[in-house]
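Trainee: Got a structure here, written out as structure tokens. Questions coming.
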Amino acid sequence: MPAVSIERAKAVLSEFVLVNQETSIDKLVLGKENYTKFVNEFWTAKQRQANSIHEISYRACYKPQLPRFFIDIFTEKGDTVYDPFAGRGTTLIEAALMGRNIVSNDVNPLSVILTKPRLNIPRIDEIEGRLDEIEFGQSEADIDLSMFFDKKTEYEIVSLKNRLLDSDVDNWIRMVSTNRLTGHSAGFFSGYTLPPNQAASQKSQKLINARLEIVPPYKNTKEIILKKSKSLLRNINSKLRRELKTINSTFSSLDSRKTSHIQNDSINLTVTSPPFLNIVKYAADNWLRCWFNDIDASEVESRISLCRTVETWSEIMGSVFDELYRITIPGGWVAFEVGEVNNGKIKLDEHVVPLGLESGFVCAGVMVNSQDFTKTSNIWGVNNMKIGTNTNRIVLFHKPK
Ligand SMILES: C[S@@+](CC[C@H](N)C(=O)[O-])C[C@H]1O[C@@H](n2cnc3c(N)ncnc32)[C@H](O)[C@@H]1O
């Protein structure tokens with residue numbers, strides 16, 4: 001564990017003011033206390049390109065540069081990084097690429113399916129060989145998918161769904177197939193539809209087809225899987241593949257308030273982004289991906305924390321913070337990313353600060369990525385959240401030693 005004191009953290013964050021003239025320091029006043037706000041368009045000019053292995057779409061995901069910033073400052077190789085709301089696993093994959101051990105949790109089991117195969121990466125020739133081996137039958141899906149897929153494509157998808165086993169190469173193919181099910185370009189199994197992270201319902205897809213006067217064309221699923229695999233693996237060499245296999249990883253699909261399998265004082269850093277009130281419908285957006293993976297989307301939906309009011313949201317997040325405090329090592333850190341809701345009328349960071357304090361954390365400050373909406377969409381990967389959040393705010397907490 002690196003000796004990062006709270007003073008050091010504040011100093012590192014303050015360096016932005018020196019190296020980047022545009023960073024401004026603001027104050028967040030809550031009661032009698034002042035907290036420093038660092039406001040800037042962070043991680044742009046000097047931004048290093050993210051590894052291609054991240055390119056799996058997911059609703060409301062952030063870009064890898066965000067967790068990398070905190071992992072770099074607050075951890076060393078061999079430390080453990082956690083994300084209780086892991087989604088597509090951006091924090092964990094970036095942490096693994098940086099040689100950190102990882103603990104991943106998301107109430108939706110889809111998160112494991114999208115993340116784990118990227119730690120046990122097969123070679124392209126293994127993927128190609130396995131695809132050649134899988135024979136396609138003529139079984140139809142158990143639900144009507146004719147509005148999304150041509151009949152022969154549907155047979156191929158059903159064969160993949162039924163015949164993939166639990167091996168590294170099959171788990172990889174399952175992850176890529178899940179990612180390629182539906183989308184709005186030629187590289188997807190479906191005809192034209194919404195972007196891949198927001199599956200249309202069967203009814204709305206029929207309307208899309210009628211409006212555009214289209215019928216889903218045949219798509220060669222094996223070719224699409226291979227092409228996407230090559231693209232995901234373009235920055236992975238055999239050394240990195242070997243290193244990723246050695247990362248200690250733990251995955252769970254629990255409510256992040258109840259993660260008793262994670263030991264006390266065991267996490268060096270958490271970087272996470274919780275569900276923002278009820279803006280994003282994670283289960284509805286993933287229904288087809290869940291079907292492909294035999295996950296009951298409505299059961300998942302019942303466990304996802306959707307809150308209409310800030311009060312209920314705060315109650316849930318308060319319990320999440322209690323759990324984070326328990327598992328964070330003394331001297332460890334939490335970077336909690338939230339957005340602005342209702343066009344900036346609700347600033348969730350101001351609600352998050354007291355929650356962390358109540359659990360025992362010290363607040364080291366708030367980083368605000370201040371941009372206009374279009375820029376934010378590009379830099380932080382929130383283009384899929386048309387309403388709700390257009391500024392990212394990260395509240396940084398420290399567990400005293
Ligand atoms: C904003 S997304 C996280 C995205 C992630 N940062 C990424 O880059 O992919 C929030 C996630 O929280 C999950 N979630 C919602 N309620 C949860 C709960 N009570 N416990 C654990 N996960 C939950 C959702 O399934 C969703 O994947």
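The values are calculated or read from the model by the stated rules, or taken from the named source; none is laboratory data. This one's a predicted model, so the numbers in the text were calculated from it and none came from an experiment. When we count neighbours, we look across all protein chains shown, and the Cβ atoms used for this are built from the backbone with ideal geometry, even at glycine. Quick note on the areas: whole protein, heavy atoms, side chains included, nothing else; ligands and nucleic acids left out. Shrake-Rupley method; radii C 1.70, N 1.55, O 1.52, S 1.80 Å.
Trainee: Who wins for biggest fluctuation among Thr80, Thr272, Thr312 in a Gaussian network model of the chain, springs between alpha carbons below 10 Å?
Mentor: Fluctuation is largest for Thr312.
Trainee: A further question follows. By accessible area of protein heavy atoms, probe 1.4 Å, what ranking do Asp26, Asp132 get, highest first?
Mentor: Sorted descending by solvent-accessible area, the residues read Asp132, Asp26.
Trainee: A further question follows. List every residue whose amide H lies under 5 Å from the amide H of Ile346, counting only residues 5 or more places away in sequence or on a different chain, with H placed 1.01 Å from N in the peptide plane.
Mentor: So Ile346 has HN proximity to Val341.
Trainee: Listed here are the pairs Lys245/Lys399; Lys161/Lys219; Lys37/Lys345; Lys228/Lys281; which of them are more than 20 Å apart at the Cα?
Mentor: Going by Cα-Cα distance, Lys245/Lys399; Lys228/Lys281 fall outside the 20 Å limit.
Trainee: Counting only Cα, what are the radius of gyration and maximum Cα-Cα distance Dmax of the chain, in Å?
Mentor: In order Rg, Dmax, the Cα atoms of the chain give 21.5, 69 Å.
Trainee: What does DSSP give for the chain in terms of the percent of beta bridges that are antiparallel, rounded to the nearest 5?
Mentor: 55
Trainee: Determine the per residue accessible area of the chain with all protein chains present and a 1.4 angstrom probe, expressed in square angstrom.
Mentor: I get 43 Å² per residue for the chain.
Trainee: Evaluate the Debye formula for region 244-301 with equal point scatterers sitting on the alpha carbons, no solvent, and hand back log10 of I(q)/I(0) at q = 0.23 Å⁻¹, in q order, two decimals.
Mentor: -1.12
Trainee: Ranked from the most accessible area to the least, with a 1.4 Å probe and all protein chains present, what is the order of Asp296, Asp83?
Mentor: I get Asp296, Asp83, largest accessible area first.
Trainee: Same structure, new question: Calculate, in nm to one decimal, what Glu7 and Ser319 gain on full extension: separation in residues at 0.36 nm each, minus their alpha carbon distance.
Mentor: Between Glu7 and Ser319, full extension yields 109.6 nm more.
Trainee: Can I ask one more? Using just the Cα positions, wrap region 124-232 in a convex hull and report its mean projected area in square nanometres, one decimal place.
Mentor: 6.5
Trainee: So, by mean Cβ neighbours within 10 angstrom, what's the order for 281-292, 222-233 with the highest one leading?
Mentor: Put in order of decreasing packing, that is 281-292, 222-233.
Trainee: Run the numbers on the chain and let me know its relative contact order in percent, using alpha-carbon pairs under 8 Å that are six or more apart.
Mentor: Relative CO of the chain lands at 20 percent.
Trainee: For region 124-232, with the dipole built from +1 on Lys and Arg beta-carbon atoms and -1 on Asp and Glu ones, taken about the Cα centre, which of Pro195, Leu207, Thr153 lies farthest toward the positive end?
Mentor: Of the options given, the answer is Leu207.
Trainee: Given region 78-124, report the % of alpha carbon pairs whose separation exceeds 11 Å.
Mentor: Pairs farther apart than 11 Å: 63 percent.
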